[in-house]
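Everything below concerns the one structure shown next.
Quick note: the coordinates plus some simple rules give every number you see, no bench work behind them. As the structure is a computational prediction, the values presented were derived from the model and not from experiment. Note: ideal-geometry Cβ built from the backbone for every residue, glycine included; neighbour counts use all protein chains shown.
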């Protein structure tokens, strides 16, 4: 059962720079996993939520590196942006940006890549033969950061995009990955989350449901500011 | 062997409205083929070439319907735009727009879709089981239009994006599809065609190589204007 903890969202930007001196890494956007030179597997992710979080962390005084997959968004002000395409490139860029105090994994990383990327375009030659895409598991960026020994950030935050049983799946994900918080949202068709401007967020921060939070449905910028307030309280 | 036919590209827009009274259908952009609610297979296509052709046809006086996959481009001026996501939706939209005098198939249509789209997000559950993506062949929009009996447009033009043996593949494609012209270009890695602003074009319009044309490397707007000049000559 979920206890709604109503956070005061009306405060807007945190006063001052509560995260001055803190280093943050944010991942954002989708990854693209090549099938051949012209085709790829992608996730539906606009990058709006991750970019908004990077901007809000920078506004709160943090030193922010944003590792972003292909998106059509302007770079947030005052943020160092590293652009990548695949999950493996994203992991490399995140590891290169460590150590950090805060890691927010908001990217929609592809769980799988194509096992054998073709060097030439796959052809439909009229033979009727249809290729079978063998997949390989991608590195798990959130789990890798969460279990990174001495280089583990103090606060590791993941997202869970779910289409059913949102809170249960998010709680299991938090335990499996070893991260501190999971921000879960519902991306079922019709929810309007992907590409949209609004997110209803469940924050799962412990094993017991009593500490669960439900944040009211609000814009992605609002979610970003609320998250930065929670992060600032964590470090206060 | 290719005989280079140097077209006068310096003329800019055709004088007057040589295509007034003609109806044209242009397809543009990639298609996205869903794997599950959050993942899809895509092609690398910005839609720049197709959108530029639609704009140039409209500037030459044609009544243009642009059927476009997901792109980040403004709608061309004076063009009716129909937005679709999958190859099957694109075919439906093209057939709904028939009859037409001219069809230009510039979209990078996915040859295959996922055989069984999942209703829920595929989960990486730690079991180590990796899904195997079974593909099905998509409808062939260019071939369908080219072999459409009494509703076949007078002039059907396709594109061939090739990574090797560009002209040979394009000539075979023209024969296989039954279209009138193929505009072929090289999309090998490093050619900068996808997402870029330039295209080197080979126009294949007959079985014999003597009528092949090679257009000098130029911007996609230039290719669009050159194509509209060739189309205008065809109807003159």
Query raised in the report: When the Kirkwood radius is taken over all Cα pairs of the range A:134-191, what Stokes-Einstein diffusion coefficient follows at 25 °C and 0.890 mPa s, in µm²/s?
Result: 198
Query - Pairwise label distance in nanometres, residue A:209 with residue B:80, each label 7 Å out on the Cα-Cβ vector - result: 5.4
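Eigenvalues of the Cα gyration tensor times 5, then square-rooted: what semi-axes does that give for the range A:11-118, in whole angstrom, largest first? Each step should come with its number before you reach the end.
Details: eigenvalues 165, 37, 18 Å².
Equivalent ellipsoid semi-axes, largest first: 29, 14, 9 Å.
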**Report entry** For q = 0.06, 0.08, 0.10 Å⁻¹, Debye-computed log10 I/I(0) when each Cα of the protein assembly as shown counts as one equal scatterer
**Finding:** -0.32, -0.55, -0.80
Query raised in the report: On average over all directions, what projected area in square nanometres does the range B:95-187 have, based on the convex hull of its Cα atoms?
Result: 8.6
Query - On Cα atoms only, tilt of A:87-97 relative to the major axis of chain A in degrees - result: 40
Report summary line: Of the convex hull drawn through the C-alpha atoms of chain B, the volume per residue in Å³ is 138
Query raised in the report: So between residue A:168 and residue A:147, what do we pick up on full extension, going 0.36 nm a residue minus the alpha carbon distance?
Result: 5.4 nm
**Report entry** Helix A:166-177 vs. chain A, principal-axis angle (Cα, 0 to 90°, nearest 10)
**Finding:** 80
Report task. Using only the Cα atoms of the range B:77-133, each taken as one equal point scatterer with no solvent, compute I(q) by the Debye sum, divide by I(0), and report log10 of the ratio at q = 0.16, 0.23, 0.27 Å⁻¹. Result -> -0.70, -1.07, -1.28
Query raised in the report: Which one of B:208, B:63, B:180 has the biggest mean-square fluctuation once chain B is modelled by GNM with Cα springs under 10 Å?
Result: B:208
Query raised in the report: Under the rule of -39500 (n - 2.57) per DSSP H run of 4 or more residues, summed and divided by the residues of the protein assembly as shown, what mean residue ellipticity at 222 nm is obtained, to the nearest 500 deg cm²/dmol?
Result: -7500 deg cm²/dmol
Report summary line: residue A:120 and residue B:118 label points (each 7 Å along its Cα→Cβ direction) are spaced in nm at 3.3
**Report entry** Cα-based helix-to-principal-axis angle, A:220-235 vs chain A, degrees rounded to 10
**Finding:** 60
Query - Among B:60, B:161, B:96: highest mean-square fluctuation, GNM of chain B, C-alpha pairs under 10 Å - result: B:96
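Taking square-rooted eigenvalues a ≥ b ≥ c of the alpha carbon gyration tensor, is the range B:25-73 rounded, prolate or oblate, where a/c under 1.5 means rounded and, failing that, a/b exceeding b/c means prolate? Please report the intermediate quantities before stating the final value.
Working: a/c = 4.16, a/b = 2.78, b/c = 1.50.
Prolate.
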Report summary line: Between the alpha carbon centres of the range B:97-156 and the range A:51-101 the gap in Å comes to 35
Query raised in the report: Put a point 7 Å out from Cα along the line to Cβ at residue B:217; what are the distances to that point in the other copies, in nm, shortest first?
Result: 5.2
Report task. In a Gaussian network model over chain A where Cα atoms closer than 10 Å are linked, find which of A:154, A:72, A:138 has the largest mean-square fluctuation. Result -> A:72
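Would you mind estimating how fast the range B:147-236 diffuses translationally, via Stokes-Einstein at 25 °C and 0.890 mPa s with the Kirkwood radius over Cα pairs, in µm²/s?
179
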